[in-house]
Amino acid sequence: AKHGQLANKKILITAGGTREALDPLRYISNRSSGKMGYALAQAAVEAGASVTLISTVELKVPFNVQLIQVTSSDDMMAAVSDHFQTADVFISAAAVSDFRPSQQQTQKIKKTGNEGLTLNLVQNPDILATVAATKKNQFVVGFAAETQDLLNYAKDKLVKKHADMIIANDVSQKGIGFNADDNQVTIIRPHERPQTLPVQSKLETARSIVTEIAKELADQLQN
Ligand code: C5P
């Protein structure tokens, strides 16, 4: 038998920014590096979990992690849907594009004289909210990256996304959050005071988050 805080648990994690194709050559995306998701995958493996990582980026895959490479939010939704039902924990660390081009051109979009180009975008489905609405015993963790009013937006997401925990970070602060190596997050749960972790590496942050998730799973068993 495996040892560790998350022994015999299946953890599903998403990481990175999705890419929404405009044509065969171009896409719309965001600045997410995927580092936090990969750090969580490593911390979960260290805790003895069996880990599936659904990722849009190519970073060094932690030992023993099952990687599923995806590109668009559509691909990510399909992969998450495939694995959610059998997971014990779902951590949605990906920066899913809120919008995608309403049409994906099959041929390269060409310049026409000096005219500009207007893109029509449609909203993407919320992967986290969609799968979490179907949860049975899964423990669901979402992220909230905000530039203002962090705690209120994060608490709102707890409810709207059917999440059991929201990891909130203020991306307006330099040196933490998006693309940085360090992070500082606040853990939001129902009926508990927000818990702010120290500024630390993403791996240390991930280990702290994994410990908090393991505690919640142990509490679930007792109740
Ligand atoms: O609504 P917002 O994008 O701020 O919420 C962030 C959280 O929701 C993250 O956990 C992200 O992975 C998830 N999300 C999602 N699908 C979307 C948008 C966000 O799963 N279309």
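The values are calculated or read from the model by the stated rules, or taken from the named source; none is laboratory data. Small disclaimer: the values here were computed from a predicted structure and weren't measured. As a convention, Cβ positions derive from the backbone with ideal geometry for all residues, glycine included, and neighbour counts pool all protein chains shown. Protein only, heavy atoms only, side chains kept; ligands, DNA and RNA dropped before computing areas. Shrake-Rupley method; radii C 1.70, N 1.55, O 1.52, S 1.80 Å.
A search for C-beta distances below 6 Å between a residue of the stretch 91-106 that is without any contact (Cβ under 8 Å) to a residue 60 or more places away in the chain and any residue that is part of a loop (DSSP other than H, G, I, E, B), counting only pairs 6+ apart in sequence or on different chains, returns Ser102/Asn120.
Among the listed residues Val61, Val45, identify the single one that is at pLDDT 95 or above, part of a loop (DSSP other than H, G, I, E, B) and over 19 Å from Ala132 (Cα atoms).
Within the list Val61, Val45, the selection yields Val61.
Checked against (1) closer than 26 Å to Val131 by Cα; (2) crowded, with 16+ Cβ neighbours inside 10 Å; (3) out of contact with any Ser or Thr (no Cβ under 9 Å at 6 or more places or on another chain); (4) at pLDDT below 95, Ile176 meets all criteria but (1).
Entry remark, the stretch 129-144: residues being buried (at least 16 other Cβ atoms within 10 Å of the Cβ) and either under 12 Å from Ser92 (Cα atoms) or in contact (Cβ under 8 Å) with a residue 60 or more places away in the chain (or both) number 9 in total. One residue stands out among those in the stretch 179-223 that are closer than 16 Å to Tyr38 by Cα and among the basic types (Lys, Arg): the one that is least open to solvent (accessible area, probe 1.4 Å), which is Lys202. Among the residues of the stretch 145-161, the ones that are open to solvent by less than 50 Å² (accessible area, probe 1.4 Å) and out of contact with any strand residue (DSSP E or B) (no Cβ under 6 Å at 6 or more places or on another chain) come to 1 in all.
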